[in-house]
Amino acid sequence: MSNRMWGGRFASGPAAIMEEINASIDFDKRLASQDIRGSLAHAEMLGKTGILDKSDVEAIQGGLKAVQAEIEAGSFTFSRALEDIHMNVESRLKDLVGPAAGRLHTARSRNDQVATDMKLWVRDTIDGLDEQLADLQLALAEKALEFAGAVMPGFTHLQSAQPVTFGHHLLAYVEMVARDRGRLADARRRLNECPLGAAALAGTSFPIDRAFTAGLLGFDRPTANSLDSVSDRDFALETLSAAAICAVHLSRFAEEIVLWTSAQFGFVRLSDAFSTGSSIMPQKRNPDAAELVRGKSGRILGALMGLLVVMKGLPLTYSKDMQEDKEGVFDALQSLSLCIAAMSGMVRDMEPDVKRLKRWAGAGYATATDLADWLVRVLEMPFRDAHHVTGRLVGLASARDIGLEKLTLAEMQEVEPRITDEVFAVLGVERSVKSRTSYGGTAPANVRGQAKRWIGRLQKEAKARG
């Protein structure tokens, strides 16, 4: 038999394979809450403008709330024959309230309806992700404050470069997550225009009030062009782009955790809560949570690329290809949420080995830059000359397999006669980090100040959210 929602034009029903490829209810039922919210607002507007009688509006809204309750209770039966969440809700609404249900679709289309539902879902999800990311920042800042003075090696090219502090390293991720939150906030601000009322693609001849509907749904304004309204998926692309960058940040940190927890590094330890064992090697402690964060980042990046490819060749306005936006968006943002939660847990759980960090902080002649800076500052040597002198001293120490601080003053003076014993004051790793007092530098005083500022700001945000 023909589909009772759109079957007037068709004498018979679709082939089984057509139903299989066409139905989206298996995944778009996730939009149920947003779909009903949009329909409640649309019915309210239809009543306000006199397009529907008050009695019809009351019946529709009461029925929609009953459908919502059934879905929340788990008693609602979703039908693949009805294709999508919109038709499933409308069909059940008709069962509950009769002919009035058929009037709900006045002055709208599934095209503007699904665009509105998706915007509402993405907006809700961004709000949740922002709260999670703020919690991750707080976890990082609190751990940074606790270990503001813990010296560790800083790397470039994964080679020892200069000493930094563990707290300073963690604050780098606080800044990265701040940019992630900023990108999500930008995406939210741009998506906050309401497509409902654009109808299929050309608008409607009914005297609707789109600004009223937009206000009911918390949008800043209605979208300005009906063609763009139903064909736009920029909001999904932009959110996925922000999510992908955030996932890259989480993956980079996850990789560091994997390295840090290895026997070769031994910089931090994760408890049993975020580690797993081996089925054959009883000694193993695997950082599986970090590895899964690293791995899931690929799914999030893939979702962005997938939707870009879907959209790249589509003419205006709506094409069924756009149904492919949902699964990728749902999976990517759910995966990101899980990764953020896991990372926050690992940050709070991890315990750095402060002694081991300090021992390796000076490896690889990490205080060589401090020596060069001393030559510039005290001996007023041009930096390039100081760089050359320091390089010769590093070569001398390396040949003897000792640290710079183990060279004698006489040995140093053979390279540069003006060096005095004051130079030894800058060759310790703790003195090195304390000297890095420039804004944004690794000096423990800087780190404590930055960590406290972040903690205060984040706690204020949390209090404002209630």
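The values are calculated or read from the model by the stated rules, or taken from the named source; none is laboratory data. What you see is a predicted model, and the numbers here were worked out from it, not measured in a lab. No Cβ is skipped: glycine too gets one built from the backbone with ideal geometry, and neighbour counts run over all protein chains shown. Ligands, DNA and RNA are excluded from the accessible area calculation, which covers all protein heavy atoms including side chains. Shrake-Rupley method; radii C 1.70, N 1.55, O 1.52, S 1.80 Å.
When both residues are 6+ apart or on different chains and their Cβ atoms are under 6 Å apart, which pairs have a first residue that lies in region 59-73 and is assigned by the TED database to the domain that holds V89, and a second that is open to solvent by 50 Å² or more (accessible area, probe 1.4 Å) and in a helix (DSSP H, G or I)?
Final answer for the pair search is G63/L96; A66/L96; V67/R92.
Let me confirm something: among G449, G428, which residue is in the same structural domain as K406 (by the TED database) and either among the small types (G, A, S) or more than 23 Å from G364 (Cβ to Cβ) (or both)?
After applying the criteria, what remains is G428.
So the check is Cβ under 7 Å with 6+ separation or different chains; which pairs have a first residue in region 170-188 that's in contact (Cβ under 8 Å) with a residue 40 or more places away in the chain and closer than 23 Å to A150 by Cβ and a second one that's open to solvent by 50 Å² or more (accessible area, probe 1.4 Å) and not in a helix (DSSP H, G or I)?
none
Can you spot a residue in region 204-227 that is in a helix (DSSP H, G or I), at pLDDT below 95, touching a Lys or Arg at 6+ places or on another chain (Cβ under 9 Å) and not assigned by the TED database to the domain that holds I51?
Among the residues of region 204-227, not one is in a helix (DSSP H, G or I), at pLDDT below 95, touching a Lys or Arg at 6+ places or on another chain (Cβ under 9 Å) and not assigned by the TED database to the domain that holds I51, which makes the answer no.
Would you mind stating whether K355 is assigned to a helix (DSSP H, G or I) and crowded, with 17+ Cβ neighbours inside 10 Å?
No; evaluated as a whole, the condition is false for this residue.
Out of all the residues in region 417-466, which are closer than 25 Å to D385 by Cα and either in contact with a strand residue (DSSP E or B) (Cβ under 7 Å, 6 or more places away or on another chain) or of a type in the set (D, E) (or both)?
Residues satisfying the conditions are D421, E422, V429, S432, V433.
Residues in region 154-161: is at least one in contact with a helix residue (DSSP H, G or I) (Cβ under 6 Å, 6 or more places away or on another chain) and either at pLDDT 95 or above or of a type in the set (A, V, I, L, M) (or both)?
So far as region 154-161 goes, no, none of its residues is in contact with a helix residue (DSSP H, G or I) (Cβ under 6 Å, 6 or more places away or on another chain) and either at pLDDT 95 or above or of a type in the set (A, V, I, L, M) (or both).
Go through S226, S262, S241, S205 for me and flag whichever is over 28 Å from H168 (Cβ atoms), without any contact (Cβ under 8 Å) to a residue 12 or more places away in the chain and open to solvent by 20 Å² or more (accessible area, probe 1.4 Å).
After ruling out the rest, the residue left standing is S205.
So, in region 46-63, exactly how many residues are part of a helix (DSSP H, G or I), more than 40 Å from the chain's Cα centre (by Cα) and crowded, with 19+ Cβ neighbours inside 10 Å?
The qualifying residues number 2.
Among what's in region 387-445 and is in contact (Cβ under 8 Å) with a residue 12 or more places away in the chain and acidic (D, E), pick the residue that is nearest to R377 (Cα to Cα).
Per the criteria, the residue is E422.
Restricting to region 99-156, give me the number of residues that are among the basic types (K, R) and open to solvent by 40 Å² or more (accessible area, probe 1.4 Å).
Here the count works out to 2.
Among W374, W360, which is touching a Pro at 6+ places or on another chain (Cβ under 9 Å), modelled with pLDDT under 95 and not small (G, A, S)?
Matching residue, one of W374, W360: W360.
Just to be sure before I move on: is V67 under 23 Å from K119 (Cβ atoms), open to solvent by less than 40 Å² (accessible area, probe 1.4 Å) and modelled with pLDDT of 95 or more in the structure I sent?
So V67 passes the test.
I need a count of the residues in region 64-87 that are in contact with an Asp or Glu (Cβ under 9 Å, 6 or more places away or on another chain), within 17 Å of H42 (Cβ to Cβ) and in a helix (DSSP H, G or I).
Here the count works out to 2.
Where residues in region 161-202 are assigned to a strand (DSSP E or B) and open to solvent by less than 40 Å² (accessible area, probe 1.4 Å), which of them is nearest to A134 (Cα to Cα)?
This residue is T165.
Is it the case that region 360-369 has a residue that's open to solvent by 10 Å² or more (accessible area, probe 1.4 Å), in the same structural domain as R392 (by the TED database) and free of Cβ contacts under 8 Å to residues at least 40 places away in the same chain?
The answer is yes; a qualifying residue exists.
Restricting to region 370-424, count the residues that are in a loop (DSSP other than H, G, I, E, B) and open to solvent by 60 Å² or more (accessible area, probe 1.4 Å).
Residues meeting the conditions: 6.
Quick check, is F267 in contact with a Lys or Arg (Cβ under 9 Å, 6 or more places away or on another chain), within 30 Å of L120 (Cα to Cα) and open to solvent by less than 40 Å² (accessible area, probe 1.4 Å)?
Against the criterion (in contact with a Lys or Arg (Cβ under 9 Å, 6 or more places away or on another chain), within 30 Å of L120 (Cα to Cα) and open to solvent by less than 40 Å² (accessible area, probe 1.4 Å)), F267 does not qualify.
If you scan region 244-259, which residues turn out to be open to solvent by 50 Å² or more (accessible area, probe 1.4 Å) and not β-branched (V, I, T)?
The answer is R252, E255.
State which residue pairs qualify: first residue under 29 Å from E238 (Cβ atoms) and part of a helix (DSSP H, G or I) and inside region 280-304, second residue at pLDDT 85 or above and among the polar types (S, T, N, Q) in any location, beta carbons under 8 Å apart, and separation of 6 or more residues or different chains.
That search, which allows pairs on different chains as well, returns A290/T261; V293/S251; R294/S251; K296/S335; S297/S251; R299/S335; I300/S335; L304/S241.
Among (1) outside the structural domain of G295 (by the TED database); (2) surrounded by fewer than 16 Cβ atoms within 10 Å (Cβ to Cβ), there is one condition A341 misses while meeting the rest; what is its number?
Going through the list (1) outside the structural domain of G295 (by the TED database); (2) surrounded by fewer than 16 Cβ atoms within 10 Å (Cβ to Cβ), A341 breaks only (1).
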